[in-house]
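Everything below concerns the one structure shown next.
The values are calculated or read from the model by the stated rules, or taken from the named source; none is laboratory data. Just so we're clear, the structure is a prediction, and the values are computed from it rather than from any experiment. Don't worry about glycine lacking a Cβ; one is built from the backbone with ideal geometry, like all the others, and counts go over all protein chains shown. Protein only, heavy atoms only, side chains kept; ligands, DNA and RNA dropped before computing areas. Shrake-Rupley method; radii C 1.70, N 1.55, O 1.52, S 1.80 Å.
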Amino acid sequence: MHVLPGSDIASGPVWVEYVTFLKSLPALNAQEESQRMTALRKAYQKAIINPTHHVEQLWKDYENFENSVSRQLEELQWTAWKKLLAFEKGNPQRIDSASSNKRIIFTYEQCLMYLYHYPDIWYDYATWHAKSGSIDAAIKVFQRALKALPDSEMLRYAFAELEESRGAIQAAKKLYEGLLGDGVNTTALAHIQFIRFLRRNEGVEAARKYFLDARKSPNFTYHVYVAYALMAFCLDKDPKLAHNVFEAGLKRFMHEPVYILEYTDFLSRLNDDRNIRALFERALSSLPPEESIEVWKRFTQFEQMYGDLDSMLKVEQRRKEALSRTGEEGASALEGSLQDVVSRYSFMDLWPCSSKDLDHLVRQEWLAKNINKKVDKSALSNGPGIVDKGLSGFPSNSTTPGNVIYPDTSQMVIYDPRQKPGSGISPSAVTSGATAAPNTLSNPTVAMAGGGTTNTFDEILKVTPPALVAFLANLPAVEGPTPNVDIVLSICLQSDIPTGQIGKSVTPSTQMPAGPAPSTSDISGSNRSHPIPSGSSFKPRDRKSQKRKDLDRQDDDETSTVQSQPLPRDAFRIRQMQRARGSTTSQTGSASYGSALSGDLSGSTS
């Protein structure tokens, strides 16, 4: 018997390998990508109809493939159809209303051919008909929508709302009864909405009758009791009936903390403080400690608001004793703290301390509760943002939401100004090329904050003017984040910083950082570039002695010649100096000069 390839029960690995091969094919453009996806889809569809041992794995892979590919395409398609519908509703052609409505209807029908299972498209289509005055057309659209999406409660509620708004009460009631079903799988929300519908249209007695009959339903949760009791209290103005409903529900839902809190809110509206305290005592006696945290919190807040000081302190102590058995802190939870005072004397968003103190107290409370535990370093470094709002009975003043995902701070490096960013190497190990100036650039972060290598730093120092080096030497040490030195130096190098003047006086900023002005023999040397002064020349100097030295130099500069000035780096100024020196030396002798551009000067006067 001949078996076709791929139809054998053991051909599952072949299909898996074939799918993997199709996934590995390169796609250079959008067309090739589309062809590859189409081939993958066809391969999956052929593979899942063959009874192989790997059919379950292939089916799951096919589902993941469709979800990953089709979801993005559907979102783009949904957005494009929404834009087209908005464009047609704007009537850009300025045609008459009848023609415009026909175009809109045509666009909706075309859109539903692609987005057939999107409830928002059906709802928009029906409401557009209703706003246009075509109620019958809107009803037909809702009927089609329920056939396409029979399990959509949203569309059913919207359809019932439309029927009720136009006075078709029986039609709306049938829709609600369709939500109720056989009563076994009816949701609590369906019960609540049907009671409200009966209360609006058939009166109080019809709603009460349904409530009494439906209490035996398995899905008749405490939500229905709370909803009907508040309806009787607020709408029917019957606090006695509401109280009886809450009491009846308390027999079934004493173990639900949320129901207890709703009941206490109702009693607070009645100003019945005696029954409120009795309800708290009954609930706390039956609830386990781990489920009674919110009830204890509400009981404490009630006593803080309406009780005297003695009852307030007793409830707080009882709360601590009860909750101390739920955690590992033991007797430490029984001790009083400043957080209790803050919780006791605060009101709404008014606090007896600043926001900074409040966050600090919350942080300290969290640390105190975890002082005997092995706390994860990453969790500890996240700060008070990870503290639960219910720790101290009052919320944190921080506006950080509780569902924030914090970064992995265990991967962060603690800031150290002596450390080179990104390498973790001490600057003392990488600044060997700049050891000649340890005191001048005493701040290592200034020297290495740019993240560059030592060679780069040395090159920057070589082209840095002496005035700027002297300025850097007087900079204070930086404590904290440092600027990028490469950017700062590049800006300074591009600035117009004076390097020297030809005249009688010279500003101290243009002179060398230390020592006397260079003599003629220094200028006429064979060095082609000015080396960086040694570290001794960059040592900080006393300001008073420096002022006296500057005054002495200024007096000496009155009689100094042009040759005593530092050699400028600009070629134009070098030529000017040559002409000036030529005019002065022609009277006394001859002068021979080297290359003006290279800076080599060798002069002899006679």
May I ask which of K174/K216; K297/K356; K251/K314; K237/K297; K147/K251; K131/K216 have a Cα-Cα span longer than 32 Å here?
K147/K251; K131/K216
Could you give the length gained on full extension between L309 and L22, defined as 0.36 nm per residue of separation minus the Cα-Cα distance, in nm?
95.7 nm
Taking only the C-alpha atoms, wrap a convex hull around the range 1-87 and report its volume per residue in Å³ as a whole number.
116
What distance in nm separates the two pseudo spin-label positions at I95 and S217, each 7 Å out from Cα along the beta-carbon direction?
4.8
Here the FRET efficiency for N275 versus Q317, based on Cβ atoms and R0 = 22 Å and rounded to 0.05, is 0.40
How high is the relative contact order of the range 266-325? Use alpha-carbon pairs under 8 Å, at least six apart in sequence, and give a whole percent.
28
Full extension from K140 to D182: what is 0.36 nm times the residue separation minus their Cα-Cα distance, to one decimal in nm?
12.5 nm
Relative contact order (percent, whole number), the range 181-253, Cα cutoff 8 Å, 6+ residue spacing:
29
To the nearest 10 square angstrom, what accessible area does W296 show with a 1.4 Å probe?
20
Reported to the nearest 10 Å², T186 has, with a 1.4 Å probe, an accessible area equal to 0
Any idea of R215's accessible area? Nearest 10 Å², probe 1.4 Å.
90
In nanometres, what is the gap between the two model label sites at A30 and E459, each 7 Å from Cα along Cα-to-Cβ?
4.5
Alpha carbon convex hull of the range 181-253, projected area averaged over orientations, nm²
4.4
Full extension between R575 and E161 adds, at 0.36 nm per residue less the Cα distance, a length in nm of 139.6 nm
Using the Cα centre of the range 1-87 as the reference point, and only Cβ charges (+1 on K/R, -1 on D/E), how large is the resulting charge dipole? Debye, rounded to the nearest 20.
280
M154, M577, M37, reordered so the largest accessible area comes first (probe 1.4 Å)
M154, M37, M577
Set the Förster radius R0 to 45 Å, insert the Cβ-Cβ distance between D151 and D8 as r into 1/(1 + (r/R0)^6), and round the FRET efficiency to 0.05.
0.70
